[in-house]
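Trainee: Starting off with a structure, shown below.
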Amino acid sequence: MNINSVVSKMTLKEKAAQLTQIQLHKDNYEAVCELVKKEAIGSVIVAANLTAGNTDRTVITMAQINHIQKIAMQNHGVPILFGHDVIHGHRICWPIPLALSAAFNPELVKESYTYIAEEAKNDGINWSFAPMLDVSRDPRWGRIIEGPGEDPYLGEKMAEAVVKGFQGDGDSINIAACAKHYIGYGASEGGRDYHKAEISDYSLRNFYLRAFRSAVRSGAATVMNSFNEISGQPTASSKYLLTDVLRGELGFEGFVISDWAAISQLVRQGVVENEKEAACKSINAGLDMDMTDNCYFNYLEELINENRVAVETVDLSVKRILSIKEKMNLFDEPYFEEKPYSKEKHRVSAREAARESIVLLKNENNILPLDKNSTVCVMGDMSLDKRAVLGSWSLDFDIDETVTIYDGIKSKCKSCLYFDCLTPKDATMDEMSQTDVIIVVLGESDKITGEANSISGIELNEHQKFIIKSAKRTGKKVIGVLAFGRPRALYDVIDDLDAVLYVWHGGSQIGNATADIIFGDFSPCGRLPVTMPRVTGQIPIYYNCPPSCRDEDGYYDKSLWKPNYWDVDSSPLYPFGYGLSYTKFTYSDIKADVTKLTLQEIEKGKGFIISVRVKNMGAVASKEVVQLYIRDCVSFMTRPIKELKGFDKIYLLPDEEKTVNFHIGFEELAYYGQSGQLCVEKGDFKIFIGENCLVKRSITISVI
Ligand code: GLC
């Protein structure tokens, strides 16, 4: 396929059409068929309306999609990309991405997305608008549930896992991935959606850019811009971000698609007068494809004829898009075909992912796991829920696949009483008092998480607090099973709960996974990908903050003249990387193969090998996330008090011991410093290895 010759034969109108993505749903199928016959449309997004995959949409069948593709091939010879928001499943639902990040298991995530790709492709989708890589420190923001949490390194690993899960490992592309939202969307002020993000270039590079750099290095076919502006410039019209940084620095060679109507929204952001000017600014900034507002389709030809846009600029965008279509082999095999897959294998994978993502936050006197001969009482607003537990971006899922938390628990214990707290009856209270333990299952609707679903406070609501207090009043032990998408502030309820399992919006298999852990068939091994504040007022609060002039260790010093509050303990309720298991691990013998390397050696690829012995001291086999953090002791610009630069999830039998090794070289020690480029500075680095970001045990290595 000679792409240059294909482009050279295209008219300006055909080129503008190729840079256009239109919307397809049941009510406009015929119109789309007519339009595709006339115009060389580049892509179709299968979606109902503004929040696309997040609102009820009637299924467009694969046969209909193939029919549209046939019209395109017969009339223009250029295949169409069919895009959709396949964020954490398609028919079967895996846990939300924030929960998958809590698994700290990139291999498991990659496998999950190879299965998700099977489901999507069997439904006529060959382009997914995922992974969402917006690092975020604000749980008020509904979209924190779609991303990797607060840490850039974890974001890098999730980016690679999802891109390779969707696209495959080689050069050819199975389903095109889309690294989004480029860039800084997770810093939206006040956790409001679509809003201003005040980010310094230092933070942009060291916190928000890294996951996108990893996605590009993993071969991401596409990138999507973000709705926010940074330092006065909306990303949709920022040549600096879309061309100089994304292409010039990261070497991105795929194509950039706008977020939904982001080009025409430049008018509302006040940086252009009208949609024609918006088209001019965006195409010249390096935004290749226009999602659903037809600015390119309507104005590019005119802008070229007015010499306001060079035809070479448009040709370059068209070539980028055709190159991806060629890598996907769409010119030779443009049509979808049924490829049967094992639903059972997908269920097993979704259950494994849900189990590994669940975080045990509290386990007073080791009340968990419960004996299967227990008589338990289940109560709370999420006990019987089949929908909300699937989380946001989940309207394609087969809701009958959901195993509710009550059903999961009921299937594993001797006797399980469900107490409907909405209509409490005295008799039931007596029955409750006959049970051994009470399991309170609470959560939030999927409708207040995800896009355009931010909340101003993350405390539990009064009814939820009433349920916990009611359970407590029985004098029984109370286990909290919390099915929220985002972190919630548990400060005023945590003391009433003897144990707390954070099961997130854990997907179709949430019930089985939760019961596997409650009854000890699986030892919990999830770790927090995001800090859990005590109260909303602490936001933003995150582990990788810089040392302050009064406290070089973050938020834990409670004495006077420190960066803390008078009205609440300033430290997190639970920190990044934290999570309990049913056993205890000890760490010993941290050492480096060498303690000094020259800067030249590091820059030439040499690194330190850091090793640690980990032992399972308990009676239960379990997985442990061995975490490595660095601290650059003295640097030209401030560096975080800790930075995650390695993790390894290991499985140890009781009494088993293992040596874990980490390679620490340029990639791990470098930061975007004074020059704005990645660099390693000479000096000492502390290396911490342990079970979460509060770890104290460390050794020192030096770059000389
Ligand atoms: C939405 C979201 C984006 C999604 C796109 C298409 O507005 O911001 O994440 O992929 O539109 O549905």
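Coordinate-derived values only; no laboratory data. Only a predicted model underlies this, so the values are computations on that prediction, with no experimental measurement involved. No Cβ is skipped: glycine too gets one built from the backbone with ideal geometry, and neighbour counts run over all protein chains shown.
Trainee: Note the full-extension length gain between residue 198 and residue 37 as 0.36 nm times their separation in residues minus their Cα-Cα distance, in nm to one decimal.
Mentor: Between residue 198 and residue 37, full extension yields an extra 53.5 nm.
Trainee: Bins of 5 Å, beginning at zero and ending with the bin holding the largest distance: percent of Cα pairs per bin for the range 314-376, please.
Mentor: 4, 11, 9, 9, 10, 10, 10, 8, 7, 5, 6, 7, 3, 1
Trainee: Could you line up 34, 337 from fewest to most neighbouring Cβ atoms inside 10 Å?
Mentor: Fewest to most other Cβ atoms nearby, the residues stand as 337, 34.
Trainee: Calculate the translational D of the range 15-327 in whole µm² s⁻¹ from Stokes-Einstein, where the hydrodynamic radius comes from the Kirkwood formula applied to all Cα pairs, the temperature is 10 °C and the viscosity 1.306 mPa s.
Mentor: Estimated via Stokes-Einstein, D reaches 82 µm²/s.
Trainee: Another question, if that's okay. Find out how many positive minus negative residues lie around residue 478, taking Lys and Arg as positive, Asp and Glu as negative, among other residues whose Cβ is under 12 Å from that of residue 478.
Mentor: That works out to +1.
Trainee: Considering the zone a paramagnetic label at residue 686 would reach in this model (a point 7 Å from Cα along the Cα-to-Cβ line), which residues of the range 540-561 have amide N under 18 Å from it?
Mentor: Label zone hits: 542-559.
Trainee: Let me ask something additional. Using alpha carbon centroids, what distance separates the range 358-377 and the range 603-651, in Å?
Mentor: After rounding, the separation between the Cα centres reads 30 Å.
Trainee: Whole-Hz Karplus ³J(HN,Hα) for the range 402-407, in order, using 6.51 cos²θ - 1.76 cosθ + 1.60 and θ = phi - 60°, x for Gly and Pro?
Mentor: Going residue by residue, I get 5, 9, 5, 5, 4, 4 Hz, with x marking Gly and Pro.
Trainee: Using a simple spin-label model with points 7 Å from Cα along the Cα→Cβ vector, what separation in nm is obtained for residue 556 and residue 702?
Mentor: 2.7 nm
Trainee: Any idea which of 238, 331, 69 is furthest toward the positive side of the dipole for the chain, if Lys and Arg beta-carbons carry +1 and Asp and Glu beta-carbons -1?
Mentor: Value: 238.
Trainee: With the dipole of the chain worked out from charges on the C-beta (+1 for Lys and Arg, -1 for Asp and Glu) around the Cα centre, which of 677, 47, 592 lies farthest toward the positive end?
Mentor: Result: 592.
Trainee: Would you kindly derive the ³J(HN,Hα) couplings of the range 408-421 from the backbone phi angles with the Karplus curve 6.51 cos²θ - 1.76 cosθ + 1.60 (θ = phi - 60°), listing them in order in whole Hz, with x for Gly and Pro?
Mentor: So the J values, rounded to whole Hz, are x, 5, 4, 6, 10, 10, 5, 9, 9, 9, 9, 10, 7, 5.
Trainee: If you place +1 on the Cβ of every Lys and Arg, -1 on the Cβ of every Asp and Glu, and leave all else neutral, what size is the dipole of the range 1-131 about its Cα centre, to the nearest 20 Debye?
Mentor: Dipole about the Cα centre, nearest 20: 460 debye.
Trainee: Mind checking which of 421, 283, 29 is farthest towards the positive end of the chain's charge dipole, using Cβ charges of +1 (Lys, Arg) and -1 (Asp, Glu) about the Cα centre?
Mentor: Projecting each Cα onto the dipole axis, the largest value belongs to 421.
Trainee: Taking one equal scatterer on every alpha-carbon of the range 505-617, how large is log10 of I(q)/I(0) by Debye at q = 0.12, 0.15, 0.23 1/Å?
Mentor: Rounded to two decimals, the profile gives -0.79, -1.01, -1.16.
Trainee: Taking only the Cα atoms of the chain, how large is their convex hull per residue, in Å³?
Mentor: Value for the chain: 159 Å³ per residue.
Trainee: What list of ³J(HN,Hα) couplings, whole Hz, do you get for the range 268-280 from phi and the Karplus terms 6.51, -1.76, 1.60, once you set θ to phi - 60° and write x for glycine and proline?
Mentor: Per residue, the Karplus-derived 3J(HN,Hα) values read 5, 7, x, 9, 9, 7, 7, 5, 5, 5, 5, 4, 4 Hz.
Trainee: Assigning unit charges at the beta carbon (Lys, Arg +1; Asp, Glu -1) and nothing else, what dipole magnitude in debye, to the nearest 20, does the chain show about its Cα centre?
Mentor: The calculation lands at about 1040 debye.
Trainee: Please report the antiparallel percentage of DSSP beta bridges with both residues in the chain, rounded to the nearest 5.
Mentor: Antiparallel bridges make up about 50 percent of those DSSP assigns within the chain.
Trainee: Relative to the longest principal axis of the chain, what angle (0 to 90°, nearest 10) does the C-alpha long axis of helix 343-357 take?
Mentor: 60 degrees
Trainee: Provide 247, 351, 639, 473 in ascending order of the number of other Cβ atoms located within 10 Å of each residue's Cβ, fewest first.
Mentor: 473, 247, 639, 351
Trainee: Which whole number of Å³ per residue matches the convex hull of the alpha-carbon atoms in the range 97-204?
Mentor: It is 106 Å³ per residue.
Trainee: With a point put 7 Å past each Cα toward its Cβ, work out how far residue 565 is from residue 674 in nm, to one decimal.
Mentor: Label at residue 565, label at residue 674, 3.8 nm between them.
Trainee: Right, next: When every alpha-carbon pair in the range 583-703 is counted, what percent end up more than 17 Å apart?
Mentor: For the range 583-703, the share of Cα pairs beyond 17 Å comes to 56 percent.
Trainee: Please compute the contact order of the range 523-623 in relative form: average sequence separation of alpha-carbon pairs under 8 Å and at least six residues apart, divided by the residue count, as a percent.
Mentor: Computed over the range 523-623, the figure is 33 percent.
Trainee: Mind sorting 76, 346, 463 by how few other Cβ atoms lie within 10 Å of their own Cβ, fewest first?
Mentor: Sorted ascending by nearby Cβ count, the order is 463, 76, 346.
Trainee: Could you compute the net charge surrounding residue 636? Neighbours are other residues with a C-beta less than 11 Å from the C-beta of residue 636; K and R count +1, D and E count -1.
Mentor: Residues near residue 636 contribute 0 overall.
Trainee: Size of the dipole of the range 401-505 about the Cα centre, Lys and Arg at +1 and Asp and Glu at -1 on the beta carbon, nothing else charged, in debye to 20?
Mentor: I would put it at about 220 debye.
Trainee: Taking Cα centroids, how far is the range 394-422 from the range 145-167 in Å?
Mentor: Centre-to-centre (Cα) distance: 30 Å.
Trainee: A further question follows. Helix 311-327 sits at what angle to the longest principal axis of the chain, using alpha carbons and giving 0 to 90 degrees rounded to 10?
Mentor: Rounded to the nearest ten degrees, it is 60.
Trainee: For the range 57-95 and the range 662-679, what is the centre-to-centre distance using only Cα atoms, to the nearest Å?
Mentor: 41 Å
Trainee: Of the peptides 210-219, 662-671, how do they stack up when ordered by the mean number of other Cβ atoms within 10 Å, highest first?
Mentor: Averaged packing, sorted descending, gives the order 210-219, 662-671.
Trainee: Lysines near residue 13 by alpha-carbon distance under 16 Å, same-chain residues fewer than 8 away left out - which ones?
Mentor: The qualifying lysines are 37, 38, 276, 319.
Trainee: Here is a further query. Nearest 10 degrees is fine. How inclined is helix 29-38 to the longest principal axis of the chain, computing both from alpha carbons?
Mentor: Between helix and principal axis, roughly 40 degrees.
Trainee: How large are Rg and Dmax for the range 163-221 when calculated on the C-alpha trace, in angstrom?
Mentor: Rg then Dmax for the range 163-221, in Å: 13.9, 41.
Trainee: Can you pull the one-decimal nm distance between simple spin-label points at residue 12 and residue 617, each 7 Å off the Cα toward Cβ?
Mentor: 7.5 nm
Trainee: A further question follows. In a shell of Cβ-Cβ distance under 10 Å around residue 150, excluding residue 150 itself, what net charge do Lys and Arg (+1) and Asp and Glu (-1) give?
Mentor: Net local charge, residue 150 excluded: -1.
Trainee: Would you calculate, for the chain, the mean residue ellipticity at 222 nm contributed by helices, counting each DSSP H stretch of 4 or more residues as -39,500 (n - 2.57) and dividing by all residues, to the nearest 500?
Mentor: -7500 deg cm²/dmol
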